[in-house]
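Structure record follows, encoded as structure tokens.
The numbers here are math on the coordinates, done by the rules we state, and not lab data. Please read these numbers as outputs of a predicted model, since none were measured by experiment.
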Amino acid sequence: MGMNSAGGRAGHGFPPPDTGLVIAAFMDVLANDEMVEPDTDFFDAGGNSVLAGRLVARVARTFGMKIKLKDVFTYRTPDELAGRLHELSRAPARPR
């Protein structure tokens, strides 16, 4: 199975996570009682670089997809990150 340009596994056979699942990952990593909405900014909700690293690990563990730390800084909301994961799931496999 090849890797795509962002380091994620291409063609893994699983559908990309929807926004609701990404919201659950945000809430777990942020570990606060505030509700996370599809447009909640990770960093405005209390996230920092350490927690961003935990979110990267959570995405890999939960969804089987590898993202880069910079993806969390670029795709800051659950909606944006779910869109990025959808892009990665559709990316063609790169030869090794």
**Study point:** Surface/4 of the Cα convex hull for segment 32-89, nm²
**Key:** 3.7
**Study point:** Percentage relative contact order, segment 32-89, counting C-alpha pairs under 8 Å, at least six apart
**Key:** 40
